[in-house]
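Below: one structure, written as structure tokens.
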Amino acid sequence: MKDGKEENGRRRRGQDGSDPKKPRGKFVGLDIGYGHTKIVTQDGERMMFPSAVALVAPTAVQQFGAPVAEDEVVIDRIRCIVGSRAIGKPNRCTDLEDLWWIFPSFKAIVTYASTWIPPQSTVITGLPLHHYIAPDARDIVHDLVKTILKAKRVLVTPQGVGAFYSDLSQLHATAKVAIVDIGTWTTELIAMAGNDFIGTLSTGVVSGVHDIYRTVAQELSAKMDRTVDPYEVERSNRGDGEIRAQGRAYAQSWIDERVAQLAKDRAALILAKMVDLWGDHAPDFESVFFCGGGAQLLFPYLKGYRDGAILMKDAQYANAVGFLKMGELLYGQDTPPVTDEPAVSRNETGEPQPLAV
Ligand SMILES: Nc1ncnc2c1ncn2[C@@H]1O[C@H](COP(=O)(O)OP(=O)(O)OP(=O)(O)O)[C@@H](O)[C@H]1O
Ligand SMILES: [Mg+2]
């Protein structure tokens with residue numbers, strides 16, 4: 001992982017769970033992905049950890065008052081390990097669920113994220129577009145994040161829109177751009193005209209890169225006679241560790257070839273969705289930006305879609321960085337003026353309104 005040294009970073013917490021040295025209240029971009037959670041704060045701190053949660057079964061000895069490791073949180077009286085250490089654990093919550101943001105594992109991730117997010121912060125976070133369009137979904141995530149993080153304000157936006165704001169040089173009053181955010185579980189196809197979100201040319205597809213790693217993990221489990229976690233496959237494909245059993249590493253070339261083969265098929269499916277959605281409109285876009293960790297894997301097979309296809313810098317962090325900038329634009333005191341209102345409008349009391357979709 002890019003931020004390996006920070007991953008599951010440890011920080012001493014105060015008695016109330018907060019870090020006494022942390023300033024209170026920051027702008028924070030919080031991208032809680034099905035695969036990885038990304039946090040970006042206004043003072044430049046970046047953090048990424050796998051959105052992996054393993055439950056620790058209660059033991060015969062009462063745990064009350066017992067020390068809890070710093071990558072553990074307690075949800076509904078059950079200890080949960082969050083992040084890297086959860087990978088490969090027997091009670092890991094492995095079934096990715098479309099509605100996972102109502103599950104205890106989501107609460108565990110937000111609780112763990114509080115390690116880096118001081119109380120009274122302004123937190124901008126996202127939901128996949130196909131859930132964002134449901135007002136109740138927005139409210140549930142808003143209330144949960146606000147309560148757990150003791151945030152001053154929380155704004156929930158569609159995920160891919162965050163990426164648009166990650167590079168403010170793209171802000172232009174009229175230019176149309178398209179964003180393809182390829183994640184673990186979802187791919188968002190987003191169209192913007194200046195600061196306006198174009199609902200009719202945007203959609204969320206429940207199809208990311210997870211299947212690729214899960215398929216290879218299942219095949220390796222059978223070959224190696226042990227359970228291989230999809231995260232292990234993802235890491236090995238990024239050159240970050242071998243997959244081993246009985247003292248031997250499985251041939252990396254086989255893993256890489258199999259991942260590439262499945263990636264090609266997945267890219268073809270995403271390409272078909274782009275053609276379906278944008279059809280004749282494709283030439284109208286000034287650029288087509290690709291982001292999300294999945295874009296790093298699939299961009300080679302998708303860049304032929306059109307001239308002007310761009311893999312965003314820091315693709316996996318694009319939404320979190322953009323969320324932070326949206327927060328600064330909407331609520332910041334000292335940010336430079338912009339020519340147009342950002343995509344999120346305000347009501348008469350000055351409170352931001354969700355995007356019209
Ligand atoms: N350099 C890379 N090469 C190959 N795959 C990568 C690379 N970086 C990240 N990935 C994969 O891309 C996946 C998607 O990353 P990302 O963090 O954008 O997903 P997510 O936001 O967690 O998912 P979702 O948007 O569906 O909620 C990661 O889980 C990882 O498997
Ligand atoms: Mg994502």
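All of the numbers you see were taken from the coordinates with simple rules; none came from a lab. Remember, it's a predicted structure, so these values are computed and weren't measured experimentally. We place every Cβ from the backbone using ideal geometry, glycine too, and count neighbours over all the protein chains shown.
Taking the Cα centre of the range 248-330 as origin, sum charge times position over the Cβ atoms of Lys and Arg (+1) and Asp and Glu (-1), and report the length of that vector in debye to the nearest 20. Please list the in-between numbers first.
On the way: 9 positive and 10 negative charges, 79 e Å.
Rounded to the nearest 20 debye, it is 380 debye.
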Taking neighbour Cβ counts within 10 Å as the exposure measure, how do 256, 276 sort from fewest upward?
276, 256
Among 147, 110, 158 the positive-end extreme of the charge dipole of the range 93-206 (Cβ point charges)
147
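Net charge near residue 56: determine it from the other residues with C-beta under 9 Å of the C-beta of residue 56, scoring Lys and Arg +1 and Asp and Glu -1.
Working: positive: 79, 89; negative: 72.
Summing Lys/Arg as +1 and Asp/Glu as -1 gives +1.
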Which of the listed residues, 260, 293, 282, is farthest toward the dipole's positive end in the range 210-311, when Lys, Arg count +1 and Asp, Glu count -1 at the beta-carbon?
260
Which distance in Å, rounded to a whole number, links the C-alpha centroids of the range 118-160 and the range 312-330?
15 Å
Calculate, in nm to one decimal, what residue 226 and residue 57 gain on full extension: separation in residues at 0.36 nm each, minus their alpha carbon distance.
58.6 nm
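Output the direction-averaged projected area (hull surface divided by four) of the convex hull of the alpha-carbon atoms of the range 210-311, in nm². Before the final figure, lay out the partial values.
Numbers: hull surface 27.3 nm².
Quarter of the Cα hull surface area: 6.8 nm².
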Within the under-13-Å Cβ sphere about residue 183, not counting residue 183, Lys/Arg +1 and Asp/Glu -1 give a net charge of -4
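So how do 81, 102 line up by other beta-carbon neighbours within 10 Å, fewest first? Don't skip to the answer; put the middle values down first.
On the way: 81 24, 102 12.
Least to most surrounded, the residues fall as 102, 81.
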Over 18 Å between Cα atoms, which of 26/152; 26/107; 273/303; 107/146 qualify?
26/107
